[in-house]
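Here the structure comes first, spelled out in structure tokens, and everything after it is commentary.
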Amino acid sequence: MKHFICLLCGVFLAGMLLGSLSACGGPGGTSSPSIDTAEPSGTAPTETEEPPNPDQQAHDARRQAFGQLLWDVYQKGVLPDSTQLDWSGTEAASRNQFALCDVNGDGLDELILYWTEASSAGMMALVYGYESGAVYQRLCEFPALTFYDNGMVQAEWSHNQGWGGRFWPYTLYRYDADNGVFLQTAGVDAWDRACTEENFPGAFPEDVDADGDGLVYFLLTGCEWYTGERIAPDGSLYTTWSVDPVDGPDYENWREIYLEGASEIEIPIQLLTEENIAALGVPKPETAVEEPAG
């Protein structure tokens, strides 16, 4: 009998304990977290958009401005200043070339246009920069340019009709950051003895040609850009640069003053085709373009 009463008491106490635990939510007296099964109000939050990158925007604007310039050149042969190129239609225009490359060392690309599908007088190379939403011309020369990483440009002359012979004369330009253009700085022509032996025998300055290679050089650095008459040993007159010629080592030293050990820049030239222009981010204009007759 006592055993039966003890068993009932144990069952009763266990029931009380389970009820207490259920009411408190578990050991330590902390409540169980409630689960909200209601539908959320409003819309789900969206991902935060990245703020626009000013550098990327400027880069894109530059490429689009250059692209628009190239479309005008390709479709109409017209430069930003309204100059009309020697243009004979889009088929011929597509054989010209262009490049985007930093050639003045400011970290931003310039546009270089090589217009060679033209008469000799109409051939040119143009370098354009971009600033304040507009393109502007930095250099215009014959399309035989070599760019150096110190801001110098070597521009070969369109003709070698003097006495240069095996040496092709050229002009040097230096980038002027204050004005944003390449300024003519110096030039050089040469006298190849073989060019004058028949017409002016003995006139070649052998005393200057110390290295004996039959070449002497005229260094044109300023006021020397003019010519004057000289007298050949036989008494005949001839015209050459007024500045006195120098030999090869002096020419090389003079050239190094300007180049300062600079390296040539490799220009990524590509054809002026519709695909290459459109790749700059400017679709082909829809306006009709009248091709020239013939």
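Give the number of residues within segment 245-287 that are in contact with a strand residue (DSSP E or B) (Cβ under 9 Å, 6 or more places away or on another chain), touching a residue at least 24 places away in the same chain (Cβ under 8 Å) and either open to solvent by 30 Å² or more (accessible area, probe 1.4 Å) or not acidic (Asp, Glu) (or both).
Adding up the residues that qualify gives 23.
When the residues of segment 117-154 are filtered to those that are among the aromatic types (Phe, Trp, Tyr) and assigned to a strand (DSSP E or B), which remaining residue is surrounded by the most Cβ atoms within 10 Å (Cβ to Cβ)? Spell out the reasoning first.
First, the residues of segment 117-154 that are among the aromatic types (Phe, Trp, Tyr): 128, 130, 136, 142, 147-148.
Then keep just the ones that are assigned to a strand (DSSP E or B); that gives 128, 130, 136, 147-148.
On the way: Tyr128: 21, Tyr130: 20, Tyr136: 13, Phe147: 26, Tyr148: 21.
Restricting to residues being among the aromatic types (Phe, Trp, Tyr) and assigned to a strand (DSSP E or B), the top hit is Phe147.
Can Asn179 be described as open to solvent by 40 Å² or more (accessible area, probe 1.4 Å), in a loop (DSSP other than H, G, I, E, B), farther than 19 Å from Ile269 by Cβ and free of Cβ contacts under 8 Å to residues at least 60 places away in the same chain?
yes
Residue by residue through segment 80-95, note down the ones that are open to solvent by less than 10 Å² (accessible area, probe 1.4 Å) and either within 19 Å of Leu280 (Cα to Cα) or outside any loop (DSSP other than H, G, I, E, B) (or both).
Result: Ala93, single match.
For the subset of segment 205-243 comprising residues that are out of contact with any Asp or Glu (no Cβ under 7 Å at 6 or more places or on another chain), assigned to a loop (DSSP other than H, G, I, E, B) and modelled with pLDDT of 95 or more, which member is surrounded by the most Cβ atoms within 10 Å (Cβ to Cβ)?
Checked segment 205-243; the qualifying residue surrounded by the most Cβ atoms within 10 Å (Cβ to Cβ) is Pro205.
Applying the selection to segment 60-79, what residues are over 18 Å from Gln137 (Cα atoms) and surrounded by fewer than 20 Cβ atoms within 10 Å (Cβ to Cβ)?
Pass one, segment 60-79, residues over 18 Å from Gln137 (Cα atoms): 60, 75-76.
Asp60, Lys76 - these are the residues of segment 60-79 that are over 18 Å from Gln137 (Cα atoms) and surrounded by fewer than 20 Cβ atoms within 10 Å (Cβ to Cβ).
Within segment 110-133, how many residues turn out to be at pLDDT below 95 and within 22 Å of Ala177 (Cβ to Cβ)?
Here the count works out to 3.
Has segment 96-116 got any residue that is under 19 Å from Ala278 (Cβ atoms) and in a loop (DSSP other than H, G, I, E, B)?
Yes: one or more hits.
Taking segment 96-113, which residues are under 24 Å from Val78 (Cβ atoms), open to solvent by less than 30 Å² (accessible area, probe 1.4 Å) and either polar (S, T, N, Q) or touching a Ser or Thr at 6+ places or on another chain (Cβ under 7 Å) (or both)?
Once the filter is applied, which keeps residues that are under 24 Å from Val78 (Cβ atoms), open to solvent by less than 30 Å² (accessible area, probe 1.4 Å) and either polar (S, T, N, Q) or touching a Ser or Thr at 6+ places or on another chain (Cβ under 7 Å) (or both), segment 96-113 yields only Asn96.
The values are calculated or read from the model by the stated rules, or taken from the named source; none is laboratory data. Everything numeric here is computed off the predicted structure, so don't read it as measured data. Don't worry about glycine lacking a Cβ; one is built from the backbone with ideal geometry, like all the others, and counts go over all protein chains shown. Just so you know, the surface numbers come from the protein's heavy atoms only, side chains and all, with ligands and any DNA or RNA stripped out. Shrake-Rupley method; radii C 1.70, N 1.55, O 1.52, S 1.80 Å.
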